[in-house]
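The structure under discussion appears below in the form of structure tokens.
The values are calculated or read from the model by the stated rules, or taken from the named source; none is laboratory data. Note that this is a predicted model, so its numbers are computed, not measured. Neighbour counts are summed over all protein chains in view; Cβ atoms, including those assigned to glycine, are modelled from backbone coordinates with ideal geometry.
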Amino acid sequence: MAIISKEAEVQEELNSIYELLLNKRSAIQSELKSIRKKFEKQCDVFILNGFSDEKSPIITNKIYHNKFIEFDTHCHIIDIINDFKDVYGYFPEYGEMFSTLYQTMLQFAHEENYECAAVVKIWVDRIHNIIHNKN
């Protein structure tokens, strides 16, 4: 029976989280494309109806904007994590990576950008659980 070190388990779980993060970003990107198509159709109908307020695409545009912020925040998180990933796909400085993400979350909150802070918090909590449950 092979014994896997706690460090190897942490690295494996961090890689799993990283893959989840990439998948989440892809899913959000697909949602953005779908919302954008819906928005464009609503704009066409709005114009054809003589700019009738009853069919205004403003709500869909707001949904698109919020989803884009979520996408952009995920891209920012991925950029930070990539800075701590080595050429072998491991995270040798995962403690510092966690601290950087945590500080990013606090910075968003300090700037009253609570939506972004909430997205970062989800991933900070997951990474925290991996690091502290294995140590």
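The table for this structure:
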| read-out | value |
| --- | --- |
| Options 33, 38; residue that is more than 30 Å from residue 130 (Cβ to Cβ), at pLDDT below 95 and among the charged types (D, E, K, R) | 38 |
| Conditions (1) closer than 30 Å to residue 5 by Cβ; (2) in contact with a helix residue (DSSP H, G or I) (Cβ under 6 Å, 6 or more places away or on another chain); (3) part of a helix (DSSP H, G or I); (4) of a type outside the set (S, T, N, Q); number of the one not met by residue 119 | (1) |
| Among residues of region 21-41, those that are more than 20 Å from residue 65 (Cβ to Cβ) and either touching a residue at least 40 places away in the same chain (Cβ under 8 Å) or touching a strand residue (DSSP E or B) at 6+ places or on another chain (Cβ under 6 Å) (or both), counted | 2 |
| Residue that is nearest to the chain's Cα centre (by Cα) [pool: residues in region 45-101 that are among the aliphatic types (A, V, I, L, M) and modelled with pLDDT under 95] | 63 |
| Members of region 109-126 found to be surrounded by 14 or more Cβ atoms within 10 Å (Cβ to Cβ), over 11 Å from residue 80 (Cβ atoms) and either small (Gly, Ala, Ser) or touching a residue at least 24 places away in the same chain (Cβ under 8 Å) (or both), listed by number | 109, 116, 117, 118, 119, 126 |
| Test set (1) in contact (Cβ under 8 Å) with a residue 12 or more places away in the chain; (2) farther than 29 Å from residue 17 by Cα - residue 58 fails condition number | (1) |
| Given (1) of a type outside the set (Phe, Trp, Tyr); (2) within 18 Å of the chain's Cα centre (by Cα); (3) more than 29 Å from residue 8 (Cα to Cα), index of the condition residue 120 fails | (3) |
| Total residues in region 4-25, condition surrounded by 12 or more Cβ atoms within 10 Å (Cβ to Cβ), of a type outside the set (A, V, I, L, M) and closer than 30 Å to residue 58 by Cα | 2 |
| Unique residue being among the β-branched types (Val, Ile, Thr), out of contact with any helix residue (DSSP H, G or I) (no Cβ under 7 Å at 6 or more places or on another chain) and more than 18 Å from residue 117 (Cα to Cα) when the list is 87, 10, 45 | 87 |
| Yes/no for residue 105 being touching a Phe, Trp or Tyr at 6+ places or on another chain (Cβ under 7 Å) and either not hydroxyl-bearing (Ser, Thr, Tyr) or not in a loop (DSSP other than H, G, I, E, B) (or both) | no |
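Here is a yes/no grid of residues against (1) surrounded by fewer than 15 Cβ atoms within 10 Å (Cβ to Cβ); (2) part of a helix (DSSP H, G or I); (3) of a type in the set (S, T, N, Q); (4) touching a strand residue (DSSP E or B) at 6+ places or on another chain (Cβ under 6 Å):
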site	(1), (2), (3), (4)
43	no, yes, no, no
67	no, yes, no, no
75	yes, yes, no, no
89	yes, no, no, no
